Each structure stands twice: as structure tokens, then as C-alpha cells.
Amino acid sequence: MPELVSQESELRKTVKACLELEKPKSFFLYAGAGSGKTRAVVEVLSIFRDRYGKLFRQSGQKVAVITYTNAACDEIRRRLDFNPIFSVSTIHSFAWEQIRTYHKDISNLLRLRLTDEIAILREKQETGRSGTKAAIEREIQIESKQKRLLHLDTIKQFTYNPNGENVGKDSLNHAEVIAISAGLLIDKPLMRQILVRKYPFLLIDESQDTQKDLIEAFFAVQAEHSDKFGLFLFGDTMQRIYADGKEELEQAVPADWEKPAIIINHRCPKRVVTLLNRIRSDADGAQQKPRPDAHEGVVRLFLVNDSDDRDKQKIETEVGRMMAEVASDDDWISLHAVKVLMLEHHMAARRGGFHGFFKPLYEISNFKTGLLDGTLSGIAFFAQQVLPLAHAALSNKRFAVAEVVKEYSPIVSPDRLLASKTSLEEIRTVGKSVKTMSSLWEDGADPVLLDILKVVDHEGLFRIPDVFAPILSGASAQGQKIESVPVDAEDDRNPVIDAWREALSVPFSQFQAYVEYISDRSPFGTHQGIKGLQFPRVMVILDDNEARGFMFSYEKLLGAKALTKTDEKNRLEGRETSVDRTRRLFYTTCSRAERSLAVVVYTKEVDMVASHMSKIGWFENQEVIQM
């Protein structure tokens with residue numbers, strides 16, 4: 001494979017020239033879908049380790065590496081043999097590490113941020129309709145933010161956990177940490193100097209999705225200290241899937257930076273690479289090449305006439321059967337061996353069997369992020385304590401039961417054991433409590449989450465999160481003020497508590513399915529949730545009607561709907577349209593396929609879509625199947 005070897009040799013040569021400690025040269029490395037970006041990241045870091053490892057160990061300096069997920073951090077650390085000269089972290093962990101000692105500055109910036117947010121919410125309240133669900137939620141948010149403002153002066157030290165719950169009065173949330181970190185980097189010359197002194201090189205993976213204010217702050221640091229600070233960005237602007245990433249990042253890269261590229265797609269078969277190039281041709285025109293030894297692959301487009309009475313799960317099962325035949329791959333028959341990707345999380349929740357738990361919580365706007373990454377207050381309680389204890393107890397794994405109990409149960413806490421006349425009695429007590437809880441699953445029962453919560457609370461088995469207190473006490477709330485009222489009272493309901501009450505009314509099996517989903521062990525996923533992942537068989541579900549979104553429109557992308565006036569205005573002004581956003585998502589999902597790809601489109605305009613696909617040539621005529 002001479003072309004592949006030549007490209008990798010040239011890339012290594014270019015990157016090596018940038019890694020000069022005395023005179024670093026920043027770069028943006030274009031690494032398209034399936035290009036082996038993680039391998040390229042490790043290659044760059046390995047070059048640096050071989051050249052400067054000893055010097056950095058002696059000076060105490062490090063190379064900062066920011067990547068997208070904790071799993072990606074672990075993988076890079078492993079590939080680098082856990083070398084201490086590399087500080088590998090997620091963007092939230094890195095941002096918090098930079099600001100964690102600047103408590104007075106955090107307080108000042110947070111005060112400005114909260115004041116602005118309250119002003120915006122009040123303006124919406126004045127212009128919006130009163131009495132609506134949105135108006136009630138806004139009022140609760142206003143009251144909550146006002147209380148935070150009043151409490152700021154009493155906070156001596158802020159706290160933040162990038163991987164867990166941040167619900168205390170002194171806690172910052174994820175968005176606040178990113179915003180404050182960007183603000184301090186821009187406003188504080190000393191902070192920039194400290195960053196450069198500690199990390200002469202900063203490498204950012206998935207840079208197109210890194211929050212735009214923080215990316216711009218890093219650009220400012222590099223511009224000010226270009227003679228001693230190297231900023232290395234890895235990414236692909238076509239795979240930007242979050243709205244807060246910097247638009248047109250590649251165009252924003254300074255002219256004196258290097259712009260190397262990896263154009264070989266190591267992941268996808270030839271037919272999928274051809275499809276990706278066609279999808280991208282009307283965007284930025286960047287093209288990839290498949291590996292010379294890549295197999296051909298199979299792609300099919302299924303156009304389904306959408307109506308209320310169509311059984312979509314049955315249709316998708318039939319698509320799997322048809323793909324098994326055309327791809328000569330029987331694993332398509334069982335959708336558990338297929339990754340099914342769709343636009344909205346509630347679509348995955350419905351197919352994955354956890355919609356009853358997911359839907360009420362997802363409807364609370366400020367719950368969404370915590371619900372999707374498992375950090376929402378109350379989620380960790382069930383996921384890290386109740387779920388593993390139930391699994392261990394029902395499987396008669398005594399050692400596993402003891403581990404969970406020792407870690408979380410106040411019954412056997414060191415203080416209580418010391419205060420007890422006999423620690424054996426406390427151990428017996430916790431054993432009885434575990435048995436009482438596990439009895440809820442007797443005879444194959446699937447207990448409701450609220451019933452489990454009540455037993456845990458009654459037995460004192462675990463500490464109950466504050467968010468569940470009003471539900472257990474039969475209370476409702478007005479804003480953050482909890483008042484005892486009858487459970488069925490209709491006045492002054494708090495939508496947050498009502499959402500949790502509804503979510504806790506479902507069987508435990510739904511919560512298990514939800515945990516499988518957010519842990520990426522489910523056969524279902526969303527366009528936004530598969531960054532960096534790849535699967536042998538991919539089924540992409542395009543269904544605007546079920547997604548009910550307004551940021552994306554597959555009907556427009558596929559020719560079933562005309563652009564709106566706003567889209568046309570944005571297009572003429574060179575701004576992003578809903579079609580641009582949708583094209584990127586579609587590109588990203590299709591690029592996950594290692595062997596074969598099925599695209600299922602639910603639409604009432606099957607003929608229009610078929611005609612448009614024939615016109616633009618994304619799919620061959622024999623690849624389009626109408627159902």
C-alpha cells in the first residue's frame with residue numbers, strides 16, 4: 001500500500017516539525033470519519049515523548065490532552081503506557097482544573113452570568129403566555145437563580161464533579177465551568193501565563209465540538225504566546241454535531257498554522273466511503289479515499305410510506321431481514337447485533353423500552369444534559385447503589401453485596417459501627433434490610449421504582465437524595481419551597497417534582513434499560529451519542545414526524561419539503577441552515593458503518609424523496625427500496 005505509507009510518512013514529517021519546544025508551530029489536523037484519529041493522536045504524542053519525555057519529567061511540565069469522553073481518555077492513557085508527562089482529561093475536567101482555586105473570580109463571573117440569565121428569563125416571561133408549562137418552569141428557574149445570587153457571598157469554596165452530581169449550594173454545573181474557564185482565560189493574563197508555563201503543548205481532540213468560547217480563548221492564548229505554546233487541534237468540521245461548537249472552525253484557524261490531513265478512511269467499506277463523499281460534496285467538498293484493501297460493502301435506502309397505523313418496529317425488523325439477504329449476513333436478522341441510530345433520544349427510549357422513565361424527565365429543559373450523561377440528581381442513586389445491590393443480591397453474590405453496602409450504607413458506616421455496642425448487630429441489620437429490598441423481586445416481580453425507594457428509605461439502607469424527599473413525604477412545592485399538601489392537590493404543582501413522581505411510577509426494568517442506553521450497551525443510539533464509535537451493521541432511522549424537532553429536517557435534506565424563508569435568508573447570508581445541520585448528522589451516522597448500512601426514511605412523500613435521490617445521485621436506483 002505505497003499511497004497509504006507515503007501519506008502517513010508525510011503526516012509524521014509535518015507534525016514532527018511542529019513539535020519544536022523552542023519554536024512550536026500550531027496545527028489543525030483534518031481527520032475525517034474513520035481516519036484513525038485516535039491512532040494519529042497517540043502517534044503525535046509518541047513523537048513528543050521520545051523527544052522531550054526526559055526533559056518534561058525533570059521540569060514538571062506536561063502535555064495537556066483534551067478528548068471527548070472518559071472512555072477516550074482511558075484509551076489514550078493506555079496506549080501511552082500511562083506516561084506521567086501527559087495530562088489526559090475531558091474538557092470539563094481540564095476547565096475545572098484551571099479555575100478551581102479562583103473562588104473570588106468564579107463568584108464575580110457567576111454573579112454576572114446569573115444576573116444575565118434572570119434578565120433573559122424575565123423578558124421571556126413578559127412576552128410569553130402566562131399559565132403555560134414553560135411559564136411555570138421559567139418562574140421556578142428565576143426563583144432558583146435569585147436564591148443562588150443571594151447565596152454567593154456566603155460561599156468560600158466552590159465545588160464541581162465533572163463525572164457526578166453537582167446539586168449542592170456551592171456546586172457549579174457543567175456549562176458554568178466551561179463559561180467561567182473561558183472568561184478567566186480571556187480576562188486574566190496571569191492565568192494565561194500559568195497555563196502556558198504548565199502546559200507548553202495543548203492537544204484537543206474533537207475540536208469542532210469543543211465549546212466555541214473556550215476554543216476562542218485557547219486561540220487567544222496561542223496568539224499571545226505563539227513562541228512558547230503549541231495548540232494542536234484534531235477534528236472534522238463535517239462531524240460537528242453540537243450547536244455550541246465553533247462554526248467554520250477550519251476557516252478560523254490562523255493562516256500561519258499548519259493544516260495536515262488524513263484522507264484515508266480505515267473504517268468504512270468502499271461503497272460507504274463513496275456515499276460519504278457524495279453527501280459531503282455540496283458542503284465543503286472534502287473527499288476521502290477507502291483503504292486499498294477495503295471490501296465493497298452494502299448500502300440500501302428504504303423509503304417507508306408513513307402513517308399513524310404503521311408498526312415501525314415490525315418494519316425495522318423486516319428491513320433487518322432484507323439486509324441479511326442482500327449483505328449475506330444473518331446477524332442482521334437479530335437487531336441486537338445491529339446499531340440502530342435515530343435523531344431524538346425519546347425515539348430510542350420508545351424502542352428501547354424505557355420511555356415511561358425517560359419522557360417526563362426529558363421534558364424538563366435543565367434536566368436533559370444530566371439525564372443523558374447519568375449525572376442528574378437522583379440517577380446516580382439508583383444506578384450506583386440500588387441497581388448493583390439488586391443485581392448482587394438476586395444473584396446471591398455475597399461479596400458484591402458487601403462491597404456496595406460497605407461503600408454506601410450508613411448502617412455500616414465507620415461512625416455508626418464505632419458507636420454501636422456490637423458491630424455484628426449492625427451487620428445483621430443491614431443483611432435484613434438487603435433481604436427486605438430484594439424480596440420485592442420475588443416470583444419474577446418487576447417492582448416499581450417508587451416502591452423500591454420507599455423500602456430503602458424505611459430500612460435506612462442508603463441515604464436518600466434530597467430530590468426525592470418531597471415525593472416520599474407526599475409533598476409538592478412552589479419553586480424551591482416545599483410545603484406539605486395532599487398528593488393529589490392540583491394547585492401550586494412543581495413540574496420538577498411531578499416529573500420525578502411520574503418517572504418513579506415505572507417498573508425497575510425500565511430503569512435498567514435506560515442505564516444500558518446511556519452506557520452505550522443498548523442496540524439503540526442517537527446521532528449525537530455515537531461520536532468516535534463504529535459498528536459492523538448500522539441502521540439509520542430518519543423520521544421527522546416522530547422526532548418533532550425544529551433544528552433538523554430530513555424532509556428538507558431529502559427533497560420532501562422546501563426550504564423555509566428563514567433557511568433561504570440564512571443561506572443567502574452565508575449562515576447555517578437546518579439542512580446544513582441535518583447533513584452533518586446524516587454524514588456522521590452513515591460514517592459509523594464498518595460493513596453494511598441501511599437508511600430507513602419514514603415520509604409521506606415517498607415519490608418525491610425517490611425522485612430527489614435519483615437526481616442528486618447519493619444512492620444508486622437499485623439501492624432504493626420502497627415499502
### Query
Of all accessible surface on the range 572-622 at a 1.4 Å probe, what whole percent is carbon and sulfur?
42 percent
### Query
Simple spin-label model, 7 Å along Cα-to-Cβ: Gln193 to Arg148 in nm?
3.2 nm
### Cα-centre dipole for the chain with unit charges at Cβ (Lys and Arg positive, Asp and Glu negative), debye to 20
1780 debye
### J(HN,Hα) series, the range 30-47, from Karplus relation 6.51 cos²θ - 1.76 cosθ + 1.60, nearest Hz, glycine and proline x
6, 10, x, 4, x, 7, x, 4, 4, 4, 5, 4, 5, 4, 4, 5, 5, 4
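With runs of 4+ DSSP H residues as the only contributors, calculate the mean residue ellipticity of the chain at 222 nm using -39,500 (n - 2.57) per run, divided by the residue total and rounded to the nearest 500.
Value at 222 nm, helices only: -15000 deg cm²/dmol.
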## Note on the structure
If every Lys and Arg gets +1 and every Asp and Glu gets -1 at its Cβ, then about the Cα centre the range 241-390 yields a dipole, in debye to the nearest 20, of 260 debye
### Message
I need the phi-derived Karplus couplings for the range 190-204: 6.51 cos²θ - 1.76 cosθ + 1.60, θ = phi - 60°, integer Hz, Gly and Pro marked x.
### Response
5, 5, 5, 5, 5, 4, 5, 5, 7, 10, x, 10, 10, 10, 10
### Query
Cα extents of the range 425-470 along the three principal axes, largest first, in whole Å?
30, 28, 10
### Message
For a test of the definition: using alpha carbon positions, the gyration tensor, and the 1.5 limit on a/c, classify the range 177-221 as rounded, prolate or oblate.
### Response
oblate
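Longest exposed-loop-site-free stretch of the chain, with chymotrypsin sites (Phe, Trp or Tyr not before Pro), DSSP loop and at most 14 other Cβ within 10 Å? Could you put the intermediate results ahead of the total?
On the way: sites that count: Phe82, Tyr242, Phe550.
The longest such stretch corresponds to 243-549.
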### Ser87 long-range amide H proximity, modeled H, under 5 Å
Val63, Ala64, Val65
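For Leu21 and Glu97, compute 0.36 nm times the residue count separating them, minus their Cα-Cα distance, and round to one decimal in nm.
On the way: separation 76, 0.36 × 76 = 27.36 nm, distance 2.36 nm.
Net length gain for the segment: 25.0 nm.
The values are calculated or read from the model by the stated rules, or taken from the named source; none is laboratory data. No experiment lies behind these values; they were computed from the predicted model shown. All Cβ positions, even for glycine, are placed from backbone atoms using ideal geometry, and neighbour counts span all protein chains on display. To get the accessible areas, we keep the full protein, side chains included, count just its heavy atoms, and leave off ligands, DNA and RNA. Shrake-Rupley method; radii C 1.70, N 1.55, O 1.52, S 1.80 Å.
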